[in-house]
Structure formats: C-alpha cells, structure tokens
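In what follows, a single structure is set out as structure tokens and then discussed.
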Amino acid sequence: MTRYADLAERYGTPLYVYDLDRVEAARDDLFAALPEEFELFCAVKANPHPDVLRALREGSDRACRAEISSTGELAAALTAGYDAAECLYTGPGKTDGELDEVLAKGVRMFSVESLTDLQHIGAAATRLGLVADALLRINSVSASATTSIRMTGAPSQFGIDSETLADLMPALRAVEGVRLAGAHFFPLSNARDEDALIGEFRNTVAVAAAMFAETGIEPRFLDIGGGFSAPYAVPGVRPLYPRLRAALQEALDEHFPRWRQGFPTVACESGRYLVGDSGTLLAQVVNVKESRGRTFVVLDAGINTFGGMSGIGRLLPVAVSPDPADADTTDWHKASLVGPLCTPGDILGRDVRLPELTGGDLVEIPNAGAYGPTASLLMFLGRPAPVEAVVRGTDPVSVTRIEHIRTPV
C-alpha cells in the first residue's frame, strides 16, 4: 500500500502529494553540480505552489531565484517570500498592463524576445520613471546536443535570431528605459544525458562570448538556460551530474576570464529537475472495462488533473508505481489508463503496464511534482481541482485545493 494511503483516505482523490524534503534535496543536488558562483532560477511554471517555492529559497545558504512569466506567477513568488527585484521575467507576449504591474511591484530584469518586446518594456519603464535590465534572449543558429524538446535553431516566437542581432543592435541600443545587461539562452529541455547537457552548455558559452564581442554589450549577466533531466510520471531516479561543474568552469575560464569575479554573473534555470520527484499523484480506479480486446482502466484523474498536454501526446505514457515498490511486476498486463472526462482525448497512457485492478483501488503515479494541476485542463467539464497536500515525510504541512470562482469585472 502507498505510504500516502492515509492522506487519500482523509482528503480523497485525485490527490497530489509534494514532499518538501525531496524539493530541498533536488535544489541541493543541482547547486552541488554547478560552480559555487552560479545563480539558479526556479521556473515557477513547473510548480507554482507557494510552499514548494518557499522550500527552494529557504533552509540553505544557496537559495533559488524565481523565473516568472505572468503576474500570477509573480504573486506566487511574492507569497513564497521572493524579492521581486531578484526575479527574471520572461515570455514572448508581455502586455502593457502586466509590464506596468510587475515593474511597479519591483521586477527589474526581463528576458527580451525581440526589438518590439524591448520597446514595450522600455516604454513601461519610462512611464514609471524606471530603468529595466534587459537580457537579450538569443535563438542561436547553432546547437550541440539533441533532445526531445529543442528550444533553439528553428523559427520561433522565442528569442532574437542570432544571425540578425548585429543589424538590430543600433535599434536595440536606441530604446529608452532599458539597459542591455546581458544575454539569455535556453537551447533545450530535458537533455538525454550528462554528455549532451555539457555539450550544449559549452556551445552556449562559446556563442555567448562571440555575441558579446560582436555587439559590444558589456557582459554583466549571462543566463545559459537549463536542460536538466528528470523522470516524468514514470518510476525512476533523478540523475546527478558529477562532471558538470568542472566542465562549466573550464568553458567559462576559456571564454569569460573574469566570470569568477562576477563579470558576468552566470545563471542556470530549472523546472522539472527541482520539483519533479517531490510529487506523487494518487488516483482511484472508478471502473475497468473491456472493449474489443482492449482493457481500459478509468481513473478519477484525467487530463484535467495531470498534464493538459497529455491529449496531444506530449506526456504519453505515464506509468504507475509497484505496490510495494519492490513488487514483482512480471504478471502485469497492458491497458489504457484513462480519465473520467467525456472526451476521447482523456488518455493518460496507452499500453501502460498495470497490475490487476478493480474499482476502488488506489493508483500511484510517481515523479509528478512538475507540470501538474496548473499545466492541466483544470476547468474542463467543471470537475473540482485535485487536492494538493504538502508534506515533510508523511506529515502534512498544508492541504489546499484551487477553486474556480466567476467574479464580475
């Protein structure tokens, strides 16, 4: 039986459980893999629960900063105790209203996706009598590693195409209300292994050095992105990166001789690595049915609960944890794991290996701490949001549920 069965009994299912001990362990492991001089941004979109975010900035002498891309994420970060001035605001569609709001609340550093994006930021800062720091996000034409999700080297709403940067520099420099403070790269997500991650970071550092030399921008801040891997909704162990620190030091020593003195300040960012293995999703089997030779296990959790991207195949398949963890799975059979929604797209996984299940059984989906409720079709068909329990070990710290309330405007 899952160690969280008593929580499921008390609070019902679907139920997310986030273990803060695991959050802190992931943070400490990632900081240990990076040079001591590095800053680390947590991507709030991965899990905006304030208790989870708070754990990433407390209880250690090395605290995460927050990477945000909406006023709602800023609110979550502020609730968790982050300083707005230490946040990095990203995204390709920053509106005038949100820029006014976040600047007024103290955000001062922005990732810039285009000339017009920079102009919008500059205009908002000028309206408030401020100067904002701008990191030019670069969509590099070159890449090193391969991955399931590439974030550079192709036409994209993200970043300034590197081959156009030199011609854009006069216009970029002419924008008032901003200071060109550095560069932001995010070439990949979920690198396949440590060699791929190191190769990508080495390439990014070299491209960044060439960019600073070509443009004459003073290298004050350099965010080289992420790509740290973690198992997602399947059994598995979060990897460690024992060779990464030395490789980063070598690359930076070659291209930025003063980086250890803070010229530039260097940062990485991470989402799923920091929070993924902290989370467990518990769901109850509602029904098991056979249809033309296939088995369908219907849960009370579907794409409204876990990963709205499931419906387009981004997260297929999920898997369940053996019960107990070392149980023999040789007799497990394959079935489709589906949710309760009235749509054929409500599929969490096809051909998932499962034990014999019947109505009322509890299913545990591991490594579900990232991209859970807030990355799901949460309001579709009007079902209640899942309960989210934050624990240390098995002791609850908080138990909450997101509520949908329609209000007049």
Close pairs (6 angstrom Cβ cut-off, 6 or more residues apart or separate chains): more than 24 Å from Ala301 (Cα to Cα) in region 233-244, open to solvent by less than 40 Å² (accessible area, probe 1.4 Å) and aliphatic (A, V, I, L, M) anywhere: Arg238/Ala230; Tyr241/Ala33; Leu244/Ala33
Would you mind listing the strands (runs of 3 or more DSSP E) fully within region 359-409 where at least 1 residues are within 19 Å of the chain's Cα centre (by Cα)? 362-365, 387-392
Candidates Asp29, Asp83 - the one that is under 16 Å from Gly271 (Cβ atoms), surrounded by fewer than 20 Cβ atoms within 10 Å (Cβ to Cβ) and over 16 Å from the mean Cα position of the chain (by Cα): Asp29
Given the conditions (1) touching a strand residue (DSSP E or B) at 6+ places or on another chain (Cβ under 6 Å); (2) of a type outside the set (Phe, Trp, Tyr); (3) part of a helix (DSSP H, G or I), report the number of the one that Val17 does not fulfil. (3)
Consider region 303-342. How many of its residues are modelled with pLDDT under 90 and in contact with a Gly (Cβ under 6 Å, 6 or more places away or on another chain)? 5
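Quick one: would you say Ala206 is farther than 29 Å from Leu130 by Cα and open to solvent by less than 30 Å² (accessible area, probe 1.4 Å)?
Spelling it out, it is not the case that Ala206 is farther than 29 Å from Leu130 by Cα and open to solvent by less than 30 Å² (accessible area, probe 1.4 Å).
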Odd one out for Arg179 among (1) outside any strand (DSSP E or B); (2) surrounded by fewer than 20 Cβ atoms within 10 Å (Cβ to Cβ); (3) at pLDDT 95 or above: (1)
Of all the residues that make up region 182-202, how many are surrounded by 21 or more Cβ atoms within 10 Å (Cβ to Cβ) and assigned to a loop (DSSP other than H, G, I, E, B)? 3
Single residue of region 142-170 satisfying the filter (farther than 13 Å from Met211 by Cβ and assigned to a helix (DSSP H, G or I)) that is modelled with the highest pLDDT: Pro170
Is it the case that some residue within region 39-53 is in a loop (DSSP other than H, G, I, E, B), closer than 29 Å to Leu252 by Cα and in contact (Cβ under 8 Å) with a residue 12 or more places away in the chain? no
Considering only region 334-343, I want to know if a residue exists there that is open to solvent by less than 20 Å² (accessible area, probe 1.4 Å), in a loop (DSSP other than H, G, I, E, B) and more than 29 Å from Leu7 (Cβ to Cβ). no
Answer with yes or no whether Arg62 is touching a strand residue (DSSP E or B) at 6+ places or on another chain (Cβ under 8 Å) and without any contact (Cβ under 8 Å) to a residue 40 or more places away in the chain. yes
Residue ID - nearest to the chain's Cα centre (by Cα), chosen from residues in region 231-285 that are of a type in the set (D, E, K, R) and assigned to a loop (DSSP other than H, G, I, E, B): Arg238
Considering residues that are touching a Ser or Thr at 6+ places or on another chain (Cβ under 8 Å), at pLDDT below 95 and open to solvent by 20 Å² or more (accessible area, probe 1.4 Å), the number found within region 225-243 is 1
Do you know which residues across region 86-96 are open to solvent by 50 Å² or more (accessible area, probe 1.4 Å) and farther than 17 Å from Glu39 by Cα? Pro92, Gly93, Thr95, Asp96
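Restricting region 64-80 to residues that are part of a loop (DSSP other than H, G, I, E, B) and within 17 Å of Arg272 (Cα to Cα), which is least open to solvent (accessible area, probe 1.4 Å)?
Among those residues, the one meeting the criterion is Cys64.
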Index of the failed condition, Arg173 passing every other in (1) of a type in the set (D, E, K, R); (2) more than 25 Å from Leu34 (Cα to Cα); (3) modelled with pLDDT under 95: (3)
Is it the case, given these coordinates, that Gly97 is among the small types (Gly, Ala, Ser) and on the phi > 0 side of the Ramachandran plot? no
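The values are calculated or read from the model by the stated rules, or taken from the named source; none is laboratory data. Owing to the predicted nature of the structure, the values given are computational and were not obtained by experimental measurement. Positions of Cβ are generated from backbone atoms using ideal geometry, with glycine treated the same way; all protein chains shown enter the neighbour counts. Each accessible area value is taken on the protein alone, full model and side chains, heavy atoms only, with ligands, DNA and RNA left out. Shrake-Rupley method; radii C 1.70, N 1.55, O 1.52, S 1.80 Å.
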